[in-house]
Amino acid sequence: MNRLTEYMLPPARSVTAENTDALFHFINVTSIILLLGITVAILLFSWKYRRRSEDDVTPVISHNNKLEITWSVIPLILVMIVFGWGFSGYMDLRTAPSDAYEIKVIGKSWLWEFHYETGNVSVNELHVPVDRPVKLVMRSDDVLHSFYVPDYRVKMDVLPNRYTSLWFQATETGESIVFCTEYCGTAHSNMLATVFVHSQEDFETWLETAGSADDDMDPVERGEQLVTQYACATCHSSDGRSLSGPTFQGLWMSERTMVDGEVVIADENYIRESILEPNVRITEGYDPVMPSFAGSLNDRQIDAIIEYIKTLQ
Amino acid sequence: MATTEASNLKKLQVRRFKPEENPEKHYLNQETGIWAWMTTVDHKKIGLMYLASIAFFFFIGGVLALLLRTELLTPAQTFIDADVYNQVFTLHGAIMIFFFLVPSVPAALGNFILPLQLGAKDVAFPRLNLASFYIYVAGALFTLYAIFTGGVDTGWTFYTPYSATTGGNVMMMTFGIFILGFSSILTGVNFITTIHKLRAPGLTWNKLPLNMWGLYATSIIQILATPVLAITLLLLTMERALGIGIFDPNMGGDPVLYQHFFWFYSHPAVYIMIVPGFGIISEVISTFSRKIIFGYWAIALSSLAIAFIGFLVWGHHMFTAGQSSLANMVFSFLTFLVGIPTGIKIFNWLATMYKGSIDMKTPMLYAMIFLFLFTIGGFTGIMLGALAVDIHLHDTYYVVAHFHYVMMGGMVMAFLAGLHYWWPKMFGKMYSEYWAKITAAILFVGFNMTFLPQFVMGSQGMPRRYFNYIDQFQGFHQFSTYGSYVIGVAFVMMFIYLMHSLLRGERAKANPWGSRALEWQVSSPAPLHNFDHTPVIINGPYDYHKPMSEFQLGIAGSHHNGHGHHHDEAASVAETKQEKA
């Protein structure tokens, strides 16, 4: 039975996961015992008391208060144990240690953006130190999302009009997957991210180097990298396929028809505007679903993306 | 002529009215023709029209489900794209819930059986009943229109702000469901009035069939909860059409407020779907165990308790939505409380079978399948009620599996038990027991194949409403899909043997199951006006220790048809005189 419930759960990689798993296990075992009892009773009664003749006479047993109380009180006690256990575990999940390292999370359709205290920004990659409580303060730029890391047994909805938070403390270095679990439209199931758990030194190294090293890169290469890193590619293909947004292939200097009939040329200013204020001009045939990247991408990064798009003819 | 005391403590002259076998005239061959059906105020015909409608919607919803499962065979795109997938799961949910589950037992089976079980000739407001049906049809047409004009991809929950911003005909769809709600409310009003006012002489509250208690509790929820859905959908429409900020934060609204509104209806709504199922199970288990129900009041009152507490647990859908920890604690606590009356029912049903004379006919087989699957649904509900664990399982396939175990394993199995149980009374025909049992077994296997793996992948973290998924879940998804095909095969078989029953089926006896319940004391199919006499009730509906003759009493002299042979039976009731009602 132990192995069954272990099989059912992903690896436990946070300090709070153990308690959640123990409760999961307790409920499973108790339920399976009771279910077996009920199933045996069904099968046994169905066989033992099967109708033998049309004239069978059955006893008159209309009720039994002792029995009624027994099978009300025992389950009541059991569920109260589960309630108390679940609630105390939940309070642990809600109460972040005061020394937690804070990271701001912004959910956008359809990517996760992480802002660190040092000013670093990463997209769809959450970098955290091991053995140290991390608190995520989260908001959404558009619709509801939900931040879920199965390995940590934590989940919290991300809302557009307020901050929500969750905390965890990773117990081992490595990678864990992040899912969006509140339905948010076309690419909901592609709104994934990865948690990279580093040792403290590696984490500090990452903070220092991330986002700076590649300023020296060739702009086209840099642009290509950014398109993947910032999840542009979730909606904009580079091979002509139409996803939730128009393809980048052949975009440069093409004539674009907008939903209001306006025709514009896709030059630098158009692309720049589309990145920073995507809903000002909407290409015909597409929905206004793109989040703004103002504050996420700086001017040099936008230049690089434009350089990359120029190459996709 | 015998004498008995009825509830008003008047002495009534009663005699036995034996149901006529193979009646020449019944409700199906009187008042025939399309126009007569469309304008009928007969609750039985209205019930059948509902039955045809929900069967149609169940078929549509089922086909959509198979499309979803087929798409999920591979981790990436299999044959439809993400937008279509999102629309299909939205429609599957909305159709199955609003057009099949909610009206299935109350409107279809309930309409047919309620007056018969009360000894009434019809519901209290027969015209209102017909109006309810047409309101249902109107709501359905609006929704079908929304489906064909396309693009509703919000999920059946219509969560804001997504539903306020997405393209697609959300307004038409919600308007359809808005209209549908009135059908539900009016049916509830009709049933409550009928149960209060039209019970046969002697049918006191402590002799009311448990199916009636189930429908009574359901009607209360329908009347109290459905208006909230109507208000919510109206607010949603106002927001979309008029730009009034209620739920959309861009206009100063609050999306969590929408969730409160929505679940304030939709949680009680799952009890609208399941509580009448409890009623059916009580009837079927008692009938096929040929034994008095164990814990009549425990079962009756637990239905009312579920109806009441069910109003106070909506917040358990929002444990991760950002509501306060205190609210989460209260909702978690109340959620566990609602589990207790449900458990009590299961134990009482088992105790009813103890020392019974159990005939495992198809309805009973479905009742046993119900007991097993619904118990799993209940236990996994306890799992989801536990706060710490729910944080992990929320919005994963675990929830999907739990919901299907409760709704399909519970409600649909109860519905099928009821359908097979009352089929002879509806159509006067028997179906093939052999094929019915084989189908039930296939359905049971297919159901577990489909939904058991979903518990595992949900626990492992597979989120719901995912078009793409990571490779590690493919095995579970494939197994689940194959299971859904088995379910599909079972329903095709059911359709075939039921059609065969209608066309070539053996004629049903008035009371093929030997039940003591009142609806079985009239001929099959039921007479046009149910009872040609005024039935008189002196025993509980499950008093199998009393002779059948005591369950076929009616006021003497009120029998207009004057079949001479009935008078011969009068003597056999003589011993039942002076019963205290």
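Values in this text are rule-based calculations from the coordinates and carry no lab data. Since this is a predicted model, take the numbers as computed values, not measurements. Note that each Cβ is placed from the backbone with ideal geometry, even for glycine, and that neighbours are counted across all protein chains shown.
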*How many Cβ atoms of partner chains, on average, are near each residue of B:294-303 if near means within 10 Å of its Cβ?*
3
*For A:Ala100 paired with A:Thr283, estimate the spin-label separation in nm (one decimal), with each label point 7 Å from Cα along the Cα-to-Cβ line.*
4.1
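How big is the equivalent ellipsoid of segment A:214-311 along its three axes, where each semi-axis is √(5λ) from the Cα gyration tensor, reported in whole Å from largest to smallest?
Each semi-axis is the square root of five times an eigenvalue, giving 21, 14, 13 Å.
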*Would you be so kind as to identify which of B:Phe333, A:Trp206, B:Met413 lies farthest towards the positive end of the dipole of the protein assembly as shown, taking Lys and Arg as +1 and Asp and Glu as -1 on Cβ and the Cα centre as origin?*
B:Met413
*asked:* When a/c reaches 1.5 or more, the comparison of a/b and b/c decides; with that in mind, is segment B:333-489 rounded, prolate or oblate per its Cα gyration tensor?
replied: oblate
*asked:* Suppose every Lys and Arg Cβ carries +1 and every Asp and Glu Cβ carries -1, with no other charges. What dipole size does segment B:40-178 come out with about its Cα centre, to the nearest 20 debye?
replied: 540
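How much FRET efficiency would the formula 1/(1 + (r/R0)^6) give for B:Phe148 and B:Thr70, where r is the Cβ-Cβ distance and R0 is 22 Å, rounded to 0.05?
Approximately 0.50, to the nearest 0.05.
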*For segment A:101-209, what does the alpha-carbon gyration tensor say about shape, rounded, prolate or oblate, given a ≥ b ≥ c as the root eigenvalues, a/c under 1.5 as rounded, and a/b over b/c as prolate?*
prolate
_log₁₀ of I(q)/I(0) at q = 0.19, 0.22 Å⁻¹ - segment A:58-140, Debye sum with one point per alpha carbon_ = -0.93, -1.04
*Given a Förster radius of 56 Å and the C-beta distance between B:Met251 and B:His545 as r, what FRET efficiency does 1/(1 + (r/R0)^6) yield to the nearest 0.05?*
0.25
*Take every DSSP beta bridge whose two residues both sit in chain A, then give the antiparallel share in percent to the nearest 5.*
70
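Quick one: order A:Leu192, B:Leu452 by neighbouring beta-carbon count within 10 Å, fewest to most.
Values: A:Leu192 20, B:Leu452 16.
Fewest-to-most Cβ neighbours within 10 Å comes out as B:Leu452, A:Leu192.
Counting partner chain Cβ atoms within 10 Å of every residue's Cβ in B:464-475, what's the average? Please report the intermediate quantities before stating the final value.
Numbers: counts 4, 7, 9, 5, 5, 2, 4, 0, 2, 0, 0, 0.
Counting Cβ atoms of other protein chains within 10 Å of each residue's Cβ and averaging gives 3.
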*Within 10 Å of each residue's Cβ, count the other Cβ atoms and sort B:Glu239, B:Glu283, A:Glu201 from fewest upward.*
A:Glu201, B:Glu239, B:Glu283
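When only DSSP loop residues count, what GluC sites (Glu not before Pro) in segment A:239-300 have their Cβ near at most 16 other Cβ atoms within 10 Å?
On the way: sites: A:Glu255, A:Glu262, A:Glu268, A:Glu273, A:Glu284; in loops: A:Glu262, A:Glu284.
Loop-located and lightly packed - A:Glu262, A:Glu284.
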*Would you mind telling me which residue in A:Trp167, A:Trp110, A:Trp47 has the biggest mean-square fluctuation in a Gaussian network model of chain A, where springs connect alpha carbons within a distance under 10 angstrom?*
A:Trp47
*Could you check which residue among A:Thr118, A:Thr95, A:Thr186 shows the biggest mean-square fluctuation in a GNM of chain A with a 10 Å Cα cutoff?*
A:Thr118
*Note down the relative contact order for chain A as a percent, whole number, built from C-alpha pairs under 8 angstrom at least six residues apart.*
15
*Average partner chain C-beta neighbours within 10 Å, per residue of A:25-32?*
3
*Which percent, to the nearest 5, of DSSP beta bridges fully inside the protein assembly as shown are antiparallel?*
75
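First check a/c for chain B, with a ≥ b ≥ c the square roots of the eigenvalues of its C-alpha gyration tensor; if it is under 1.5, answer rounded, and if not, answer prolate when a/b is larger than b/c or oblate otherwise.
Working: a/c = 1.80, a/b = 1.75, b/c = 1.03.
Verdict is prolate for chain B.
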*Enumerate the whole-percent occupancy of each 20 Å bin, from 0 to the last occupied one, for all C-alpha pair distances of chain A.*
25, 42, 21, 10, 2
*Other-chain or far-sequence residues with amide H under 5 Å of A:Met191's (modelled H)*: A:Cys180
*Which ordering of B:Glu550, A:Glu208 is given by a fewest-first count of other beta-carbon atoms within 10 Å?*
A:Glu208, B:Glu550
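Is any helix in chain B, taking whole DSSP H runs, at least 30 angstrom long along its axis by alpha carbon and on average at least -1.0 on the Kyte-Doolittle scale, and which ones?
Numbers: long enough: B:43-71 (41 Å, 1.24); B:126-149 (35 Å, 1.16); B:170-197 (41 Å, 1.40); B:210-242 (47 Å, 1.35); B:255-289 (50 Å, 0.95); B:325-353 (43 Å, 1.30); B:362-385 (34 Å, 1.70); B:433-459 (39 Å, 0.90); B:474-504 (45 Å, 0.83).
Length and hydropathy pass: B:43-71, B:126-149, B:170-197, B:210-242, B:255-289, B:325-353, B:362-385, B:433-459, B:474-504.
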*asked:* Per q in 0.06, 0.07, 0.11 Å⁻¹, report the Debye log10 I(q)/I(0) for the protein assembly as shown, using one uniform scatterer on each alpha carbon and no solvent.
replied: -0.46, -0.60, -1.28
_How much of the DSSP bridge set in segment A:101-209 is antiparallel, in percent, rounded to the nearest 5?_
70
